[in-house]
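The values are calculated or read from the model by the stated rules, or taken from the named source; none is laboratory data. Predicted model only: the values in this text are computed from it and were never measured. With ideal geometry, Cβ positions are generated from the backbone for all residues, glycine too; neighbour counts draw on all protein chains shown. Keep in mind that these areas ignore ligands, DNA and RNA; they rest on the heavy atoms of the full protein, side chains included. Shrake-Rupley method; radii C 1.70, N 1.55, O 1.52, S 1.80 Å.
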Amino acid sequence: MPKKKCTIVVLAAGKGTRLNLDIPKALAPLNGKKLVDYTLKACSHLQSDLDLTIGFVLGHGKEKIQAHFDSLYDEKNIKIATQDVQNGTGHALQCYLDQYPETLDQDEIIVTCVDTPLITSEIYDLLINSNKEYNATAISFMTSSPHGYGRIYSEGSGFKIIEEKDCSEIEKEIKEVNSGLYIFKSSYLKKYIKSLDNKNKSGEFYLTDLFKFEENIQALNYKDEKIFLGINTLEQLELASKILNKSKVKELRNNGVIFKDSDNVYIEDDVDIKKGSVIHPNVFLYGTTKVGEEVSIEPGVIILNSLIEKGALIKAYSYIENAIVGQSSFVGPFARLRPQAELGENTKVGNFVEIKKSVLKKGSKVSHLSYVGDAEIGERANIGCGFITCNYDGEKKHKTIIGDDCFIGSDCQTIAPVKIEADSFVAAGSTITKDMPSGSFAIARSKQVTKEGRAKNFLKKS
Ligand code: UD1
Ligand code: CA
């Protein structure tokens, strides 16, 4: 059987005045993504069952949104219509249909708003499946705080949607409201899309007026009010962020992740954590971070786009970005792993250590107060306290290479580029400027001069 032909039109031309941001509403940040990404994620799965076109109506900040599409999506698959003047949601849909008239020859048209990011893919399935007998379906929900939403006013065999501004005091009390998600048979839209007017308090063409024609339409009441939260204010944006976070925590907990205090952890949508891991309070896991089994992450840790392998322990107040921490390794407290820090299995990075663009192989340790940048450190090496790779000559970065089983004493520096081959020993306090062959010993510090009895010349008299 051929797939049903549908378009989903996402309304995203509005300025989002009530958000009071300089960016268009579609690009408002929400848990590491933009509002528009949530709509695209929720509806994209429909492509497997339908011959689906994804369309957008853009106006305010159109170029910025297009640039976002270019960077993240295959924009060939997204059709963009322009609404230069924002004359209302009905006008926005008219703009789309004027610019892509072939849409009206398809079977059905779904319309959604870019500012309802919590709507899930299940709701889109429900929408498609529930409109078989109808010309149009609007998803509605019951709420104790209907302020700002269009009210569902039942009348005769159908209903009307009355916008907040146009409600009488009595109508304002109606608790069933419009979610902003709709599906229409194309034939129905063809018949009525030009009939909308702007005779209302806002002087706008309301999409919601498409339901006033009473022709075999339904308001489908869905029980979960949370998922229809419309983002019109920064308070609603914050609430959406909390709801997303809570459901992420729940999903992870169901998969065996242990939280000490889940009210105070922040985990973005694409993060994955495996079974038996323990997450302490005030932990931030962002981006594409992946955490293996039985990892422990102590308080105050921030991890972005990193991989933490099985059994690792990330101690308090560490900051890890675009890095890899190998199996059973220890990091922190107060460690900083910068992009391209790659720690192998059973490694140790201790307090006040910064690692950047460096590999630390299996079993090696940098335990205290060190900077390791642009380095390659072999297996089982021990790097003493206060070690510094002097990697930058003011113009270029240079590499330090330290082989397997080396011992670097405390307070040493390597002036890169430099190579210390395997099984070498560097005495404490050395500044290494020349390559060392395998198995060698280097000491590079000025000779000590001791003068007996002379301390009194320097000590203050008590
Ligand atoms: C809208 C509905 C309301 C519903 C609520 C659900 C209308 C008239 N009202 O109200 O019944 O309860 O959503 O959240 O539809 N947009 C355009 N062009 C325009 C105006 C708006 O593209 O000219 C876009 C906006 O970018 C936004 C969406 O349409 O994504 C909804 O507009 P908004 O102003 O937020 O409508 P609400 O007042 O929330
Ligand atoms: Ca809205």
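General remarks:
- Here the accessible area is traced with a 1.4 Å probe on the protein chains. For the chain, carbon and sulfur cover 50 percent of it.
- The stretch 4-228 pair-distance distribution - Cα-Cα, 5 Å bins, rounded %: 1, 7, 15, 20, 22, 18, 11, 5, 1, 0
- Amide H contacts for LYS79 (H built 1.01 Å from N in the peptide plane; partners 5 or more residues away or on another chain; cut-off under 5 Å): ILE54, GLY55, PHE56.
- For the chain: span of alpha carbons on each principal axis (Å, largest first): 107, 52, 41
- Percent of C-alpha pairs per 5 Å bin, the stretch 234-442, short to long: 2, 8, 15, 20, 15, 12, 9, 7, 5, 4, 2, 1, 0
- Tilt relative to the chain, helix 35-44 - C-alpha long axis, 0 to 90 degrees, to 10: 70 degrees
- Extension gain from SER168 to LYS199, taking 0.36 nm per residue of separation minus the Cα-Cα distance: 9.6 nm
- Net charge in the neighbourhood of HIS91 (other residues with Cβ under 15 Å of its Cβ; Lys, Arg +1, Asp, Glu -1) is -3.
- Sites matching trypsin sites (Lys or Arg not before Pro) across the stretch 353-407 that sit in DSSP coil, with at most 15 neighbouring C-beta atoms within 10 Å: LYS396
- Only DSSP H runs of four or more residues enter the estimate; each adds -39500 (n - 2.57), and after division by the residues of the chain the mean residue ellipticity at 222 nm equals -5000 deg cm²/dmol.
- Summed residue charge, Cβ within 12 Å of ALA381's Cβ, Lys/Arg positive, Asp/Glu negative: -1
- With Cα atoms, 0 to 90° folded angle of helix 121-130 axis to the chain main axis: 20 degrees
- Of the trypsin sites (Lys or Arg not before Pro) in the stretch 121-192, those whose Cβ has at most 15 other Cβ within 10 Å and which sit in DSSP loop: LYS132, LYS175
- The stretch between ARG18 and LYS64, if pulled fully straight at 0.36 nm per residue, gains 14.6 nm over its current Cα-Cα span.
- Pairs with C-alpha atoms separated by more than 23 Å, drawn from the list LYS34/LYS62; LYS76/LYS242; LYS41/LYS260; LYS15/LYS223, are LYS76/LYS242; LYS41/LYS260; LYS15/LYS223.
- Computed from backbone phi with θ = phi - 60° and the Karplus coefficients 6.51, -1.76 and 1.60, the 3J(HN,Hα) list for the stretch 345-359 is 4, 6, 9, 9, 10, x, 5, 6, 10, 10, 10, 9, 6, 9, 10 Hz; x is used for glycine and proline.
- 3J(HN,Hα) from dihedral phi, the stretch 199-216, Karplus parametrisation 6.51/-1.76/1.60, rounded to Hz, x for glycine, proline: 7, 8, 5, 8, x, 10, 8, 8, 4, 5, 5, 5, 9, 7, 8, 6, 9, 6
- Approximating the spin labels as points 7 Å out from Cα along Cα→Cβ, the ASP272-to-ASN457 distance works out to 7.0 nm.
- Cα long-axis angle, helix 89-99 against the chain (0 to 90 degrees, to the nearest 10): 90 degrees
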